[in-house]
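Beneath this line is the structure, given in structure tokens, with notes to follow.
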Amino acid sequence: RMDIAAWYRPAQKVGGDLYDVFALPDGRVGMAVADVSGKGIAASLLMAICQANLRRFAGDHDSPAEALRALNREIVGKMRQDMFVTFIYGVIDTAAATLTIARAGHELPLLLHQNSANGELHVSSIGSEGMAVGMVPPEIFDVVIEDRTVPFTEGDIITLYTDGITEACNPDGVEFSETRLKDTLLTLRDRPASAINDGIISNVERFTGANAFADDLTLIT
């Protein structure tokens, strides 16, 4: 059984972030978070195109990296030169107890994992190479992007997010940061996914002293 929740707040009436969760063959689950350079209607339209194409390519490719390669090939020649999309796409395979991530220039997802031997909890970033979608042609993009597979077992938590979370600043200009996000996830680990998201947003608001932000805020837990 998986508990999945998303949280999204655009900075303007029309946002430039994307999140999606969808079923894949053999009981697998795909999830994605992305961030368009820029905001407004152009960014929102590009996100809609990316979301529709990702679902199509995710059904054709078991590998998240292959799906993002196909997405880049589809849109790289059709985008404005000043626009690109950072992307994180992951597939949870409950039968194999694994999570496979491909990252196209996006913030590193956070994984909370409990050591089965000693019960120790650890929150780590899942690193993998990749450049933003639409930034470079396939001959460069395809070589750089890669899959990263890690164990994903009962009790583990994965959080995908956009930089609106970690780069939110307090009145002194200090960013909330990945470190504070890791600490927050560890503190909230026993809550349902929706409550973890709510707790993260509450901590960001408390840190910044505001509930209005310059960038979109997006989370999947």
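Taking residue 180 as the residue in question, decide whether it is at pLDDT 90 or above, basic (Lys, Arg) and assigned to a helix (DSSP H, G or I). When the stated conditions are applied, residue 180 passes them.
I'm checking my understanding of the structure. Among residues of region 60-94 that are hydroxyl-bearing (Ser, Thr, Tyr) and within 13 Å of the chain's Cα centre (by Cα), which one is least open to solvent (accessible area, probe 1.4 Å)? Result: 89.
Residues in region 27-43 that are farther than 24 Å from residue 148 by Cβ and buried (at least 19 other Cβ atoms within 10 Å of the Cβ): 2 in all. With the requirement that a residue be without any contact (Cβ under 8 Å) to a residue 60 or more places away in the chain and in a strand (DSSP E or B), what does region 87-103 give you? Correct list: 87, 89, 98, 99, 100, 101, 102, 103.
The requirement of being under 17 Å from the mean Cα position of the chain (by Cα) and free of Cβ contacts under 8 Å to residues at least 40 places away in the same chain is satisfied by residue 51. Out of the residues in region 109-134 that are at pLDDT below 90 and among the hydrophobic types (A, V, I, L, M, F, W, C), which is surrounded by the fewest Cβ atoms within 10 Å (Cβ to Cβ)? Filtering first and then ranking leaves 117. Taking residue 197 as the residue in question, decide whether it is more than 19 Å from the chain's Cα centre (by Cα), of a type in the set (S, T, N, Q) and either surrounded by 17 or more Cβ atoms within 10 Å (Cβ to Cβ) or at pLDDT below 95 (or both). When the stated conditions are applied, residue 197 does not pass them.
Among the residues making up region 105-115, those that are without any contact (Cβ under 8 Å) to a residue 60 or more places away in the chain and in a strand (DSSP E or B) are 105, 111, 113, 114. Within region 184-194, restricting attention to residues that are in contact (Cβ under 8 Å) with a residue 24 or more places away in the chain and in a helix (DSSP H, G or I), the residue that is nearest to residue 109 (Cα to Cα) is 185. Please determine, by comparing only the residues of region 13-26 that are exposed (fewer than 14 other Cβ atoms within 10 Å of the Cβ) and out of contact with any strand residue (DSSP E or B) (no Cβ under 8 Å at 6 or more places or on another chain), which one is modelled with the lowest pLDDT. Of everything passing the filter in region 13-26, 13 is modelled with the lowest pLDDT. Screening region 200-221 for residues that are within 19 Å of residue 88 (Cβ to Cβ) and of a type in the set (S, T, N, Q) and picking the one that is modelled with the highest pLDDT gives 221.
Whenever a residue of region 119-132 is under 22 Å from residue 106 (Cβ atoms), its partners that are surrounded by 14 or more Cβ atoms within 10 Å (Cβ to Cβ) and among the hydroxyl-bearing types (Ser, Thr, Tyr), lying with C-beta atoms within less than 7 angstrom and at least six residues away or across chains, give the pairs 132/86.
The values are calculated or read from the model by the stated rules, or taken from the named source; none is laboratory data. Just so it is clear, the structure is predicted and the values come from calculations on it, not from any experiment. Here Cβ is always computed from backbone atoms with ideal geometry, including for glycine, and neighbour counts include all displayed protein chains. SASA here: full protein model, heavy atoms, side chains in, ligands and nucleic acids out. Shrake-Rupley method; radii C 1.70, N 1.55, O 1.52, S 1.80 Å.
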